[in-house]
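Below is one structure; the comments refer to it alone.
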Amino acid sequence: MCWSATADLAAGVGIGAVGVACVARVRRVGDLPLAALPLILGAHQIVESVVWDSGGGTGPATVAWAVIALPLLAVWVPAGVMCAAPPHARGRLTVPLAIGVATAAALAYALVTRPVRAEVRGHTLGYFVHLNHPELLVAGYLLATVGSLLLSGDRGLLLLGVLMGAGALICWVLWELEFVSTWCAFAAVGSVALFGWVRRRPVGPDARR
């Protein structure tokens, strides 16, 4: 996620503030789940700052980090995209949502039945949990999250999907090299992109009263 406890905490507060601004600017009820995504990402960063301070391990903060990162986001993102998408795109979005639900169920089962452990490795944190068929779960996770954005039928969300897909690839490479974790930077960029998307959204029939 980020390269130190301080960076995680600062990123979490900043991303959370963007989330507050996103929710405050929402004019359509269906946009609320996606508008609230930066709040989740900000909380996620703050939780990881606690993991850093505790030196990793298997404590409550590590478990909370894994719950948000794995099953929660696998469902939240495709469900939020479906709520915000134009009617003509919702039929095809049932596919990434179904994949997300199945992936989240498998990930949640793994977290309930097996310990998750965090390990400090230089400027990165590694998280370890035993998963059956990890390649399949990673593919399902990406299809549910990035795939739903790419299939959304909305230009702003399509751009966000491209951005997040590229960010995930770059962060994975840097993490594999154990150089530095930079996902917090992409989470911040994605949150700002979501704020721009919320600002440009037209008022629809489901606008908040």
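The values are calculated or read from the model by the stated rules, or taken from the named source; none is laboratory data. Computed from a predicted structure; not experimentally measured. Glycine also receives a Cβ, built like all others from the backbone with ideal geometry; neighbour counts cover every protein chain displayed. When the accessible area is computed, the model is the full protein with side chains, heavy atoms only, and any ligands, DNA or RNA have been set aside. Shrake-Rupley method; radii C 1.70, N 1.55, O 1.52, S 1.80 Å.
Which of the helices (runs of 4 or more DSSP H) found entirely inside segment 1-120 contain at least 2 residues meeting this: aliphatic (A, V, I, L, M) and over 18 Å from Leu143 (Cα atoms)?
Details: elements: 5-25, 32-35, 37-53, 60-67, 73-84, 90-113.
Here the list reads 5-25, 32-35, 37-53, 60-67, 90-113.
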request  = Considering only segment 121-135, state which residues are of a type in the set (S, T, N, Q) and part of a strand (DSSP E or B).
outcome  = Thr124
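Quick check, is Thr94 in contact with a Leu (Cβ under 7 Å, 6 or more places away or on another chain) and of a type in the set (S, T, N, Q)?
no
Taking the condition of being open to solvent by less than 30 Å² (accessible area, probe 1.4 Å) and among the hydrophobic types (A, V, I, L, M, F, W, C), how many residues in segment 30-39 meet it?
Kept after step one, since they are open to solvent by less than 30 Å² (accessible area, probe 1.4 Å), are these residues of segment 30-39: 30-31, 34-38.
Next, from what is left, pick out any that are among the hydrophobic types (A, V, I, L, M, F, W, C): 34-37.
Looking only at that region, the number is 4.
If the requirement is being under 23 Å from Ser191 (Cα atoms) and among the aromatic types (Phe, Trp, Tyr), which of these qualifies: Tyr141, Tyr109, Tyr127? It would help to see each step written out before you state the result.
On the way: Tyr109 fails: under 23 Å from Ser191 (Cα atoms); Tyr127 fails: under 23 Å from Ser191 (Cα atoms).
After applying the criteria, what remains is Tyr141.
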Lone qualifier among Ser148, Ser152 - being at pLDDT 95 or above and not in a helix (DSSP H, G or I) = Ser152
query = Can you tell me which residue in segment 173-200 is modelled with the lowest pLDDT, limited to those that are within 20 Å of Arg155 (Cα to Cα) and open to solvent by 30 Å² or more (accessible area, probe 1.4 Å)?
reply = Phe186
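Hey, can you tell me all the residues within segment 110-138 that are of a type in the set (Gly, Ala, Ser) and either surrounded by 19 or more Cβ atoms within 10 Å (Cβ to Cβ) or touching a helix residue (DSSP H, G or I) at 6+ places or on another chain (Cβ under 9 Å) (or both)?
Ala110, Ala118, Gly126
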